[in-house]
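Take this structure first; my questions come after.
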Amino acid sequence: MSNTYTVVNPATEQAVVEVEMADLAATDAAIARAAEAFPGWRDVAPGEKARLLRRFAQLVDEHVEELAELEVRNSGHTWGNATWEAGNVRDVLNYYSAAPERLTGHQIPVAGGIDVTFHEPLGVVGIIVPWNFPMPIAGWGFAPALAAGNTVVLKPAELTPLTAIRLGELGLEAGLPEGVFTVVPGKGSVVGERFVTHPAVRKVCFTGSTQVGKKIMAGCADQVKRVTLELGGKSANIVFADADLAKAAASAPSAVFDNAGQDCCARSRILVERSAYDEFVSLLEPAVKGIKVLDPSDRTSEMGPLISAGQQATVKGFVDEVDVAFAGSAPQGAGYWFAPTVVLADDPQQRIWREEVFGPVVAVMPFDDEAEAVQLANDTEFGLSGSIFTRDVGRALRVSRAVESGALSVNSHSSVRYWTPFGGFKQSGIGRELGPDAPHSFTDVKNIFISNE
């Protein structure tokens, strides 16, 4: 360990704790331990792997409030969000604890013998976690990777390492052997880059910006290293005139302002059919102004601060370029606060319409017909999530199939369920996380033919 990082509470700008950052030697040592632990973990009986993962889930459940409190201080998440996030890690571990005993291959009919397939674990998996959802995104990677028989080295974001460190401790307490699940705090340019270049790391999972994801993908190509990328988003919330406008307007703020808009799935573009546009905007305003933006230690808070001064400046830069239609409130003084903000857009080339703001800002634009709604929704390099509000089932199906996005919901803003696949189209990523098939993405298929002659 060569240096430390001061974790800061984004709601107060006060230091929380100093965390040691791994240097290159410490990172290599962690990877070496994971590589050494791999054969033993691979050969643990499926039922025993399942038992250990269930025990891990049980310990997370027993520490939900502790983990949530850490996330409130470290990430500025509201208490409600942080509690859900810790519970999600528990649920994901429980879900994938069933995988070791169900990781079945196939018996394929052939002449002259039998042919069978096996899902073989890859080895060491490097997981790079962002600062916006430190707990869930960590769990979406390490739970299925461990269930498939891999060992994991996990790098939390420099800004938000505390819950990942605690999860690593709980994994050891649950009985996972040393080296099977290791948390390595450090800089992306040191730890993350070493995951990419170290030959013992057989796969890299990265969630973060498209720009960094492209660099990771290019680096992994040198060793033909497997990669899963969950990157940026600029998701559309399409509201047709026949929709329940009151419901659509009431639910729109949570779809973009949850976690202060620091969400790749944020529906930061609202498209409204022109005949319903004025009514929708009039319904949206009180919903936005009613959001309780409070210190997240206040358990009634519905939105907390941005993660850092840098992120606050970035969001402000977007808003300074446009006219604000209306905004909610935010605390004054210390903390990286930004009020929920609505912009009425009329030009699809505007930066605020095209680029990911990653803050509590939403742009609203009218459209004339179904074809234009689809065209505007798809006019982006991203394709992660999105919503469609309509009472017409046929339209819901047509538009859902036409919008180029990986996780869509109709009359809802749901993007993530741990038992359904999640991931993006276009430059929003490669591969899928979650769902029943996630462990397969951490395996290679081995085909064996046995002659009967």
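Pick from region 259-314 the residues that are among the charged types (D, E, K, R) and closer than 20 Å to Thr210 by Cβ: which of them is most open to solvent (accessible area, probe 1.4 Å)?
Taking region 259-314 as the starting set, the residues that turn out to be among the charged types (D, E, K, R) are 263, 267, 269, 273-274, 278-279, 285, 289, 292, 295, 298-299, 302.
After this cut, where a residue has to be closer than 20 Å to Thr210 by Cβ as well, the list is 263, 267, 269.
Details: Asp263: 35, Arg267: 7, Arg269: 3 Å².
Out of the qualifying residues, it is Asp263.
Just give me the residues in region 412-448 being within 19 Å of Thr380 (Cα to Cα), open to solvent by 70 Å² or more (accessible area, probe 1.4 Å) and in a loop (DSSP other than H, G, I, E, B), in sequence order.
Correct list: Phe425 only.
Cβ contacts < 9 Å: first residue in contact (Cβ under 8 Å) with a residue 40 or more places away in the chain and outside any helix (DSSP H, G or I), restricted to region 92-108; second residue surrounded by 18 or more Cβ atoms within 10 Å (Cβ to Cβ) and of a type in the set (Ser, Thr, Tyr), any location; separation 6+ or different chain. Result?
Taking only residues 6 or more apart or on different chains, the pairs are Leu103/Thr443.
Separate question: Can you tell me how many residues in region 341-378 are over 22 Å from the mean Cα position of the chain (by Cα) and within 23 Å of Phe422 (Cβ to Cβ)?
Number of matching residues: 1.
Return the pairs, sorted by first residue and then second, in which the second residue is among the aromatic types (Phe, Trp, Tyr), the first residue lies in region 1-28 and is more than 30 Å from Gly333 (Cα to Cα), the beta carbons are less than 6 Å apart, and the residues are 6+ apart or on different chains.
Sorted first by the residue in region 1-28, then by its partner, the pairs are Met21/Tyr5.
If you go through region 126-154 one residue at a time, how many are free of Cβ contacts under 8 Å to residues at least 60 places away in the same chain and either out of contact with any Phe, Trp or Tyr (no Cβ under 9 Å at 6 or more places or on another chain) or open to solvent by 10 Å² or more (accessible area, probe 1.4 Å) (or both)?
Within region 126-154, residues that are free of Cβ contacts under 8 Å to residues at least 60 places away in the same chain and either out of contact with any Phe, Trp or Tyr (no Cβ under 9 Å at 6 or more places or on another chain) or open to solvent by 10 Å² or more (accessible area, probe 1.4 Å) (or both) number 1.
Also: Provide a single number: the residues in region 65-91 that are open to solvent by 20 Å² or more (accessible area, probe 1.4 Å) and free of Cβ contacts under 8 Å to residues at least 40 places away in the same chain.
Within region 65-91, the subset open to solvent by 20 Å² or more (accessible area, probe 1.4 Å) is 65-66, 69-70, 73, 79-81, 83-84, 90-91.
Imposing the further condition that a residue be free of Cβ contacts under 8 Å to residues at least 40 places away in the same chain reduces the set to 65, 69, 83-84, 90.
Summing the residues that are open to solvent by 20 Å² or more (accessible area, probe 1.4 Å) and free of Cβ contacts under 8 Å to residues at least 40 places away in the same chain in region 65-91 gives 5.
Identify, from the list Gly386, Gly317, Gly359, the residue that is in a loop (DSSP other than H, G, I, E, B) and either open to solvent by less than 10 Å² (accessible area, probe 1.4 Å) or at pLDDT 95 or above (or both). Walk me through it before giving the result.
Details: Gly386 fails: in a loop (DSSP other than H, G, I, E, B); Gly317 fails: in a loop (DSSP other than H, G, I, E, B).
When all the criteria are applied, what remains is Gly359.
Restricting the search to region 234-254, which residues are part of a helix (DSSP H, G or I) and buried (at least 18 other Cβ atoms within 10 Å of the Cβ)?
Taking region 234-254 first, the residues part of a helix (DSSP H, G or I) are 245-254.
Residues satisfying the conditions are Leu245, Ala248, Ala249, Ser251, Ala252, Pro253.
Still on this model: On the basis of being open to solvent by 10 Å² or more (accessible area, probe 1.4 Å) and either farther than 27 Å from Thr151 by Cα or touching a strand residue (DSSP E or B) at 6+ places or on another chain (Cβ under 9 Å) (or both), does Arg42 make the cut? Show your work before the answer.
On the way: open to solvent by 10 Å² or more (accessible area, probe 1.4 Å): yes; either farther than 27 Å from Thr151 by Cα or touching a strand residue (DSSP E or B) at 6+ places or on another chain (Cβ under 9 Å) (or both): yes.
In short, yes.
For region 185-204, which positions are in contact with a Lys or Arg (Cβ under 9 Å, 6 or more places away or on another chain) and open to solvent by less than 40 Å² (accessible area, probe 1.4 Å)?
The answer is Pro185, Gly186, Gly188, Val191, Gly192, Phe195, Val196, Val201, Lys203, Val204.
On to the next question. Mind checking which residues of region 53-64 are open to solvent by 10 Å² or more (accessible area, probe 1.4 Å) and assigned to a helix (DSSP H, G or I)? Steps first, please.
Going through region 53-64, the residues open to solvent by 10 Å² or more (accessible area, probe 1.4 Å) turn out to be 54-55, 58, 61-64.
Selection gives Arg54, Arg55, Gln58, Asp61, Glu62, Val64.
Select from region 402-411 the residues that are touching a residue at least 40 places away in the same chain (Cβ under 8 Å), part of a loop (DSSP other than H, G, I, E, B) and open to solvent by less than 40 Å² (accessible area, probe 1.4 Å) and list them in ascending order. Step through it out loud before you land on a result.
So the first thing to find is which residues in region 402-411 are touching a residue at least 40 places away in the same chain (Cβ under 8 Å), and the list is 403, 405, 407, 411.
This time we only want the ones that are part of a loop (DSSP other than H, G, I, E, B), so: 403, 405, 411.
The answer is Val403, Ser405.
Run Gly328 past the list (1) in contact with a helix residue (DSSP H, G or I) (Cβ under 9 Å, 6 or more places away or on another chain); (2) more than 23 Å from Asp379 (Cα to Cα); (3) open to solvent by 40 Å² or more (accessible area, probe 1.4 Å) and report the number of the one that doesn't hold.
Checking Gly328 against (1) in contact with a helix residue (DSSP H, G or I) (Cβ under 9 Å, 6 or more places away or on another chain); (2) more than 23 Å from Asp379 (Cα to Cα); (3) open to solvent by 40 Å² or more (accessible area, probe 1.4 Å), the one that fails is (3).
Take region 213-233 and flag every residue that is out of contact with any helix residue (DSSP H, G or I) (no Cβ under 7 Å at 6 or more places or on another chain) and surrounded by fewer than 20 Cβ atoms within 10 Å (Cβ to Cβ).
Of region 213-233, the ones out of contact with any helix residue (DSSP H, G or I) (no Cβ under 7 Å at 6 or more places or on another chain) are 213-215, 217-218, 221-226, 230.
Hits for region 213-233 are Lys214, Lys215, Met217, Ala218, Ala221, Asp222, Gln223, Val224, Arg226.
The values are calculated or read from the model by the stated rules, or taken from the named source; none is laboratory data. Please read all numbers here as calculations on a predicted model, not as lab measurements. Neighbour counts are summed over all protein chains in view; Cβ atoms, including those assigned to glycine, are modelled from backbone coordinates with ideal geometry. In case anyone asks, the SASA skips ligands and DNA or RNA and just uses the protein heavy atoms, side chains included. Shrake-Rupley method; radii C 1.70, N 1.55, O 1.52, S 1.80 Å.
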